[in-house]
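Have a look at the structure below, then the notes.
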Amino acid sequence: MAFPSAPSAVWSVSLLTVLFAAAVHSNIVYDDDPLQPVTSDETVSVGGTVTLTCRVAESDNSSLQWSNTAQQTLYFGEKRALRDNRIQLHRSTSTELSIMIGEVQMSDEGEYTCSIFTMPVRTARAMVTVLGVPGNPQISGFENAVPEGGKVTLTCTSTGSKPPASLIWYRGDQEVEGRPNDAEQVPDDLTYNVSSELTLDVSRDDDKALITCAVDHPSLAPGDKRSEQALRVLYAPNAEIQPESDLPREGEKFYLKCVGNSNPEPASFIWEKKDGELPSLAKADGALLQFEMLNKSDNGVYLCQADNGIGNSQGEYTLLVQDPTAMLTSSGVDHAVIGGVVAVIVFILLCLLIVLGRYLIRHKGTYLTHEAKGSDDAPDADTAIINAEGGTSGAEDKKEYFI
């Protein structure tokens, strides 16, 4: 090895690497050996950062060393041996050597070695697995609206995954099953291109339905990468007639509306009256049938035929014109019933007030009568007052009653 610009200490590191190469490859493990290095395998996504940590239980002042998959020394203690700015020292102590590799690439995958240069050399290995992050899924195969009852085949593809990603299909929130994923490795690369197909028999319920293709991969959180496609389905009308109100009354304006419930919307409407002609005051205007002034002679069954070029459908509605005077009479009866109930309630309240008033008056009069007893026989007002206030006459007999 030659590092022209490296310091002399680095030359010593390289020489030690050569001298103890055989021992390094032997990967000797000593049970309960406090000087045996310990490492762990790591997984990282392309573009991410991975930290490699090597520890020993005790220190004998020997330095720890990290080497890459090509057995090139990366760090010997705190000293950098390979000039790669992506590799930085994280921590160096007498019992630990940790390094960080940033902007990880596919070529960084492999087995890394941690060594401690004792006699004999002790080593530990750490496997770094690099995940290829899949690209955003792309849905193809849907360009034009599909007639009801037809089939549509959608293809979802995602590139750059390692290991191969899984593609999952959804219709709305419900998962649907497509064909098994097809994974193809990219030539001269470690990544895979993955594709999946979904075939649907479409109905009018599928119009505007959202089809989703989601990528499932260890490098992604659920739902991180997905693509959506809204379906468009062509279907014939299912005609329905909707009235302006549920109580059409004689003498009022009124209209009926024909709703096609189709895709595309109906282009033509034909209005008819069953068993007769349209009234003279009824005017058909596209989806509307307008009545300038309702009459009981307008009663009957009305038909609307809607056509959107794919098919046609006929809806019907039975018109029954109401007599406004009959409705007013009915309304008057309702008001009379309500008024009667209110009158009964008022009468009961008045009765209660009268009974309560009589009760209060009776008890108040009884008290005053006993309070003034003895003054009834007084010849004049002054004598009555003296007797009521406890004069000598009848003072011993005065008593007060409470009832």
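The values are calculated or read from the model by the stated rules, or taken from the named source; none is laboratory data. Note that the coordinates shown come from a computational prediction; the quantities given were computed from them, not determined experimentally. Every residue, glycine as well, gets a Cβ built from its backbone with ideal geometry; the counts of neighbours run over all protein chains shown. The area values use the complete protein model at the heavy-atom level, side chains included, leaving out ligands, DNA and RNA. Shrake-Rupley method; radii C 1.70, N 1.55, O 1.52, S 1.80 Å.
A few notes on this one:
- Taking every residue in the stretch 218-231 that is without any contact (Cβ under 8 Å) to a residue 12 or more places away in the chain and pairing it with any residue that is crowded, with 17+ Cβ neighbours inside 10 Å, at least 6 positions away or on another chain, the pairs with Cβ-Cβ distances below 7 Å are GLY223/ALA214.
- As for the stretch 162-175, it holds no residue that is open to solvent by less than 40 Å² (accessible area, probe 1.4 Å), among the β-branched types (Val, Ile, Thr) and on the phi < 0 side of the Ramachandran plot.
- Search result, residues across the stretch 186-200 that are modelled with pLDDT of 95 or more, open to solvent by 40 Å² or more (accessible area, probe 1.4 Å) and under 30 Å from GLU109 (Cα atoms): TYR192, ASN193
- For THR51, the test of being of a type outside the set (D, E, K, R), open to solvent by 20 Å² or more (accessible area, probe 1.4 Å) and within 27 Å of LEU220 (Cβ to Cβ) is passed.
- Remark: pairs (first residue in the stretch 128-145, modelled with pLDDT of 95 or more; second residue of a type in the set (Asp, Glu) and open to solvent by less than 30 Å² (accessible area, probe 1.4 Å); Cβ separation under 7 Å; 6+ apart in sequence or on different chains) = VAL128/ASP108; VAL130/ASP108.
- Scanning the stretch 201-215 for residues that are over 14 Å from ILE139 (Cα atoms) and surrounded by 18 or more Cβ atoms within 10 Å (Cβ to Cβ) yields VAL202, ASP206, ASP207.
- The set of residues in the stretch 278-315 being small (Gly, Ala, Ser), assigned to a strand (DSSP E or B) and either open to solvent by 70 Å² or more (accessible area, probe 1.4 Å) or within 16 Å of LYS257 (Cβ to Cβ) (or both) consists of ALA282, ALA284, ALA306, SER313, GLY315.
- Note on the stretch 213-267: enclosed strands (runs of 3 or more DSSP E) holding 1 or more residues that are more than 31 Å from the chain's Cα centre (by Cα), at pLDDT 95 or above and of a type in the set (Asp, Glu) are 240-243.
- Looking only at the stretch 98-132, residues that are surrounded by fewer than 21 Cβ atoms within 10 Å (Cβ to Cβ) and among the hydroxyl-bearing types (Ser, Thr, Tyr) come to 4 in all.
- In the stretch 84-108, residue nearest to the chain's Cα centre (by Cα) [restricted to those that are in a loop (DSSP other than H, G, I, E, B) and either over 13 Å from THR51 (Cα atoms) or of a type in the set (Ser, Thr, Tyr) (or both)]: GLN105
- Residue match in the stretch 131-140 (condition: of a type in the set (S, T, N, Q), under 30 Å from ILE310 (Cα atoms) and out of contact with any Pro (no Cβ under 7 Å at 6 or more places or on another chain)): yes
- Residues of the stretch 60-83 satisfying the condition of being assigned to a loop (DSSP other than H, G, I, E, B), open to solvent by 40 Å² or more (accessible area, probe 1.4 Å), touching a strand residue (DSSP E or B) at 6+ places or on another chain (Cβ under 9 Å) and over 16 Å from MET127 (Cα atoms): ASP60, SER63, GLU78
- Matching entry among GLY135, GLY178 (being part of a loop (DSSP other than H, G, I, E, B), open to solvent by less than 60 Å² (accessible area, probe 1.4 Å) and under 21 Å from ASP201 (Cβ atoms)): GLY178
- GLN314 vs. criteria modelled with pLDDT of 95 or more and under 30 Å from GLU148 (Cα atoms): yes
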